[in-house]
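Structure, as structure tokens:
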Amino acid sequence: MIRNMENSLATWAAKVRLIDPVFRLYLSLIFIIGGLGHFLAHEYMLGRMALSPWKDHVALIGDASILLWL
């Protein structure tokens, strides 16, 4: 019974070593694709920001276009 547990844990550890880098890659792709959207669809993002309920707060910080580039 103990050997079965050890085998199960060893199998699980091998899966975790594979899952961790895949998870990190997918998580980073979310931010990379979202960041590219700010540069490649700049006017669209400005339009979305103009419709946002937070537009007044953004205006207090600075120009929305400059903030998107930053």
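The values are calculated or read from the model by the stated rules, or taken from the named source; none is laboratory data. Bear in mind the structure is a predicted one, so any value in this text is a computation, not a measurement. Note that we place each Cβ from the backbone using ideal geometry, even for glycine, and neighbour counts take in every protein chain shown. All accessible areas refer to the heavy atoms of the entire protein, side chains included, with ligands and DNA or RNA removed. Shrake-Rupley method; radii C 1.70, N 1.55, O 1.52, S 1.80 Å.
Observations
- Helices (runs of 4 or more DSSP H) contained in the chain and holding at least 3 residues aromatic (Phe, Trp, Tyr): 2-40
- Options Ala14, Ala64, Ala50; residue that is free of Cβ contacts under 8 Å to residues at least 12 places away in the same chain and open to solvent by less than 70 Å² (accessible area, probe 1.4 Å): Ala14
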